[in-house]
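Reviewing the structure listed below.
The values are calculated or read from the model by the stated rules, or taken from the named source; none is laboratory data. Everything numeric here is computed off the predicted structure, so don't read it as measured data. A quick note on method: Cβ atoms are made from the backbone with ideal geometry, for glycine too, and the neighbour counts reach across all protein chains shown.
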Amino acid sequence: MYKGLVNHRRETVSVLSIIEKPLINWFVARLPKYITPDVLTIIGIIGAIITGLGYSMTYFHKDYIWLATFGLFVNWFGDSLDGSVARYRQIERPRYGFFIDHTLDSISMILVGVGVGLSPYARLDFVLFALVGYLLMSIFVYIKTMIIGVFSITYFGFGPTEARVFIAIGNTLVYFFGAGEIPLFGEVYTILDLFALFFAVLMLFLFILSVIVDGRKLKAIDEKGKE
């Protein structure tokens, strides 16, 4: 089990990789020595806290949405660079790094999601539904990594960085044009309500589809191994 984790291969090709990878490499080569992978991991979780607080404080004034957007950048900086710095400096800790990084990733998503749910722009129950879908897919990815030794967090070219950029654009649109009021089935929903619901359904669909497809592949591999 541990051998597969230590030797796992990362697949992180996404739409923005052509821009993101050179930018990460530029930062990694210039960061001072005291900015360690652990420091970057902490910066990432601080970014998630800032984002969650920013969203929740939009209940008092919409300008706080810029604080949430700034938090997204801080979260990207820490989360994207911690592993890259470890590999660049050849100080990887495969087991500990995988454990702490992805544990805090889950906590970060909860902090951001609850913040959005506490804002006046989205219903908390819809956001929590979306979080369930995200966490299910996360669990699937981690299990798959342990079994086949491939870690992939992108789907159809869409990964965490694309999600942050998409959210930042959404923040800008909400600030200038509002979250909208869409009447459906006797209720009024915002655009973020519908997006959270769509995201939740999409994640659940991908989870079920991935379990079926990969489950069949693993079954075939095991049955072939018995021959």
- prompt: Mind checking which residues of segment 57-83 are in contact with a Phe, Trp or Tyr (Cβ under 8 Å, 6 or more places away or on another chain) and among the polar types (S, T, N, Q)?
  reply: Thr58
- request: Quickly run through segment 1-46 and pick out the residues that are at pLDDT below 90, farther than 22 Å from Pro94 by Cα and assigned to a loop (DSSP other than H, G, I, E, B).
  value: Ser14, Val15, Leu16
message: So if I check each of Gly115, Gly157, which one is of a type outside the set (Lys, Arg) and at pLDDT 85 or above?
response: Gly115
- prompt: Is it fair to say Ile100 is more than 14 Å from the chain's Cα centre (by Cα), assigned to a loop (DSSP other than H, G, I, E, B) and either among the polar types (S, T, N, Q) or surrounded by fewer than 21 Cβ atoms within 10 Å (Cβ to Cβ) (or both)?
  reply: no
message: Every residue in segment 185-215 that is of a type in the set (Gly, Ala, Ser), within 15 Å of Met137 (Cα to Cα) and surrounded by 15 or more Cβ atoms within 10 Å (Cβ to Cβ), please.
response: Ala200, Ser210
message: Give me the residue from segment 65-88 that is over 16 Å from Ile43 (Cβ atoms) and touching a residue at least 24 places away in the same chain (Cβ under 8 Å) and, out of that set, surrounded by the fewest Cβ atoms within 10 Å (Cβ to Cβ).
response: Trp66
field: Every residue from segment 185-227 that is touching a residue at least 60 places away in the same chain (Cβ under 8 Å), assigned to a helix (DSSP H, G or I) and touching a strand residue (DSSP E or B) at 6+ places or on another chain (Cβ under 7 Å)
entry: Leu206
message: Here is a list: Ile182, Ile107, Ile167, Ile147. Which entry is in contact (Cβ under 8 Å) with a residue 60 or more places away in the chain, surrounded by fewer than 16 Cβ atoms within 10 Å (Cβ to Cβ) and touching a Leu at 6+ places or on another chain (Cβ under 9 Å)?
response: Ile147
task: For segment 119-173, name all the residues that are in a loop (DSSP other than H, G, I, E, B), out of contact with any helix residue (DSSP H, G or I) (no Cβ under 8 Å at 6 or more places or on another chain) and within 17 Å of Ala48 (Cβ to Cβ).
output: Gly159
